[in-house]
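One structure is given below, encoded as structure tokens.
The values are calculated or read from the model by the stated rules, or taken from the named source; none is laboratory data. All values reported here derive from a predicted model rather than from experimental measurement. With ideal geometry, Cβ positions are generated from the backbone for all residues, glycine too; neighbour counts draw on all protein chains shown.
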Amino acid sequence: MSRHPDAADTAPWHDLVFAVLVLAGTSVPSFSALRLSGAGRWFPLAVCAVMALAGMSMLCVCALKLLRHRPARPPFPEGGALKRGAGAGLAFLLTCVLTPWVGYFPATTLLLIIVPLVLDFRHWRVIAFTALTFEALVYLVFIEGFGRQLPSGVPFS
Amino acid sequence: MFDSILSAFLVILEPANLIAMLGGTLLGICIGALPGLSATMGIAVLIPLSFGLDPLVGLGLMAGIYNGAMYGGAIPSILLGVPGTPASVATIFDGRPMAEQGRGKLALRVAVFSSAIGGLISGLVLLLLAPPLARVTLLFGPSDYFWVALFGLSSLSLLLGKSIAKGVFAAGFGLLIGLIGIDTIGGQERFTFGFVELVNGVNIVVVLIGLFGIPPTLKLAAGALPGGRETDRAEDAGDGRLRPYLPQLLPTWLKSSLIGVFVGLLPGVGGNMASFLSYNESKRSARDPARFGYGAEEGVAAAECGNNADNGAALVPALTLGVPGSSVSAVILGGLLVHGLQPGPELFQSNPNEVYGFMLQMVITAALLIPLGLLGSRLFVRVLDIPPALLIPIVLSLSMVGVYAVNNSLFDIQLLLVFGAIGMVLSHFQVPLAPIVLGVLLGPMAEENLRLAFMLSVDPWTALFPSPLSVGLALFTVSVIAFSLLKPLTRFTRARLRRAAAH
């Protein structure tokens, strides 16, 4: 279920970390914009300045909140949820890395098998049927229907 | 004019034209529902195929694809939280929570009715008011476009989230992403960091799917129970009847249609901004704005109605002046040329049957969305019954193929990972993601028009205020910014006074 708006307030600790990240992150495009020449530098510089201002204001607000009252540190996510989310994320990362080498269809097949395993879904026939149907549909719509190419991998390139 | 409309109406009622409109609308819904496929792509693929067809049959297919695709984007937005098109991002805000609350069918029905009403009003505006409205387009100069872009960005970033600073940061981040690539005026590379693939900029589909597609999918994985069941989604309950909600939806439809039509008239602004502005206006004027973002029916209605009300209006400058305001209208112009129709003021005299026929087809295909969408909503909502263990890899694979299909670039898949990670981090810190998308879309337009305004002006102090229209737009934008900044201050002062009185 969606959370109610009042329940969505992050702890000041979170905002403090984020404000520091914003300020550090803004410095990269700022230095890059400073190296530009002519009129093309002003708009990016102005945007960076506005972002830095936003970061500074976040930092001040968090610092004030932390000085006034010390809220509890945000709880760490439950271990099982973290494992499942990270497992699916890693499977996706692996697929993206493998796709240029083995091609879209083998890499996707792997993803369609690994993620259900990570989530303890062991109905093999359903997994095989889903993988085959999905890949056939992708082939028909993207390759046959719209004439798009999908990564074929090193063996077929 | 009315004789021409009547004569064109009789022609488009021929069976071949009706089948073309129906088929085009169905195809459009499927195209819009698939991330990575867009109305522009669908129509572009269709043009060579429609060459041998009767002009109105070909144009009927195009009108159907256009209207269908703009609605189709709402389906994955509501059911999966993955936007099918950039214009359907705002639909996620309330559509996805509605689906999570077991009201997916209702959300789909609200979306289809809102899309149809927006499309109908826009189509009628195109049919009846195209020539006079074309003059409005010509009134806008570079400084006006800059103010429009700034207004869109500021209203969204300042009014959407709980934290103004986070909204401003998100808009700035989006603007910087939009500036990646070759500077169109100066010709120098910006923020490419040595990657040749970034010279042409970052594709919006990559940003969209990375920010809105990957984080909710991985969160769904984290929330899934062992065995792949979903923990927090309620069963889809109720018959999805729309009638009880009509009194609150009618004003939203009216306002959003007007916003969509106005925004659609401005070349380069597009349905994305129309849907965001309509959503914002609906939230601002609602009795209980706190419901927005947590499953408000008006939120879905505003986003979808605004988005589709842009369709017909975007064709006004294209048909009357031959100036395409968006990529879809540019492709449609190409379609008209293929069929021997030269867009411009003379089109209405030289080919009244075809031009009025096409406008009527825009109206009819918008109306066709209702039966098709209502029938489809029963089917589409079954997607939610797929176990997350199977749905998650399907969505991730579809995201990958959608991103790759745009430019056939493996680099885009790597960028998808980057934006997915950024999306995860930003949603963890509760940063609103919508201003990023609008920043990417409006960044280049804002900068280009700002620089053009300064280049065209003799006095740099008045470069941004050359006409009463510019002054009006500037005042409007500044008042939105001032209102957003003062609102928390007055709330704080009021709370302080209340506390003092209590003591």
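Values as computed for the structure displayed
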item: Residue count for the range B:324-360, restricted to those that are under 21 Å from B:Thr85 (Cβ atoms) and among the polar types (S, T, N, Q); result: 3
item: Scan of the range B:366-419 for residues that are among the acidic types (Asp, Glu) and surrounded by fewer than 18 Cβ atoms within 10 Å (Cβ to Cβ), ordered by number; result: B:Asp385
item: Pick from the range B:168-199, criterion more than 7 Å from every other protein chain (Cβ to nearest Cβ) and among the polar types (S, T, N, Q), ranking: surrounded by the most Cβ atoms within 10 Å (Cβ to Cβ); result: B:Thr192
item: Looking only at the range A:132-157, and only at residues there that are in contact with a Ser or Thr (Cβ under 8 Å, 6 or more places away or on another chain) and within 7 Å of another protein chain (Cβ to nearest Cβ), the one that is surrounded by the fewest Cβ atoms within 10 Å (Cβ to Cβ); result: A:Phe134
item: Which numbered condition A:Asp120 misses (of (1) modelled with pLDDT of 90 or more; (2) farther than 13 Å from A:Pro151 by Cα); result: (1)
item: Lone qualifier among B:Ile422, B:Ile481 - being surrounded by 13 or more Cβ atoms within 10 Å (Cβ to Cβ) and at pLDDT 90 or above; result: B:Ile422
item: Residue count for the range A:114-157, restricted to those that are touching a residue at least 12 places away in the same chain (Cβ under 8 Å) and charged (D, E, K, R); result: 1
item: Residues of the range A:38-67 classified as under 20 Å from B:Glu189 (Cβ atoms) and facing chain B (nearest Cβ under 7 Å), total; result: 6
item: Qualifying position, being modelled with pLDDT under 90 and touching a Leu at 6+ places or on another chain (Cβ under 8 Å), among B:Ala165, B:Ala170, B:Ala149, B:Ala116; result: B:Ala149
item: Exclusive hit being part of a loop (DSSP other than H, G, I, E, B) and touching a residue at least 40 places away in the same chain (Cβ under 8 Å), set B:Pro317, B:Pro324; result: B:Pro324
item: Test for B:Val57: is it touching a helix residue (DSSP H, G or I) at 6+ places or on another chain (Cβ under 7 Å) and within 24 Å of B:Leu220 (Cβ to Cβ); result: no
item: Any hit, the range B:160-172, residues being closer than 30 Å to B:Glu346 by Cα and charged (D, E, K, R); result: no
item: Some residue of the range B:388-407 being among the hydrophobic types (A, V, I, L, M, F, W, C), more than 21 Å from the chain's Cα centre (by Cα) and closer than 20 Å to A:Cys48 by Cβ; result: no
item: Considering residues of the range A:26-37 that are more than 7 Å from every other protein chain (Cβ to nearest Cβ) and either in contact (Cβ under 8 Å) with a residue 60 or more places away in the chain or surrounded by 15 or more Cβ atoms within 10 Å (Cβ to Cβ) (or both) only, the residue farthest from the chain's Cα centre (by Cα); result: A:Ala33
item: Some residue of the range B:472-479 being within 19 Å of B:Leu175 (Cα to Cα) and touching a residue at least 24 places away in the same chain (Cβ under 8 Å); result: yes
item: Where A:Arg122 falls short, out of the listed (1) more than 30 Å from B:Leu150 (Cβ to Cβ); (2) assigned to a helix (DSSP H, G or I); (3) more than 23 Å from the chain's Cα centre (by Cα); result: (2)
item: Among the candidates B:Phe380, B:Phe358, B:Phe348, residue that is of a type in the set (Phe, Trp, Tyr) and over 19 Å from B:Ala63 (Cα atoms); result: B:Phe380
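One line per residue, one yes/no per condition, for (1) surrounded by fewer than 23 Cβ atoms within 10 Å (Cβ to Cβ); (2) in a helix (DSSP H, G or I); (3) among the aromatic types (Phe, Trp, Tyr); (4) free of Cβ contacts under 8 Å to residues at least 24 places away in the same chain:
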site: B:Leu126; (1), (2), (3), (4): no, yes, no, no
site: B:Arg135; (1), (2), (3), (4): yes, yes, no, yes
site: B:Ala149; (1), (2), (3), (4): no, yes, no, no
site: B:Lys166; (1), (2), (3), (4): no, yes, no, no
site: B:Gly201; (1), (2), (3), (4): yes, no, no, no
site: B:Val207; (1), (2), (3), (4): no, yes, no, no
site: B:Gly210; (1), (2), (3), (4): no, yes, no, no
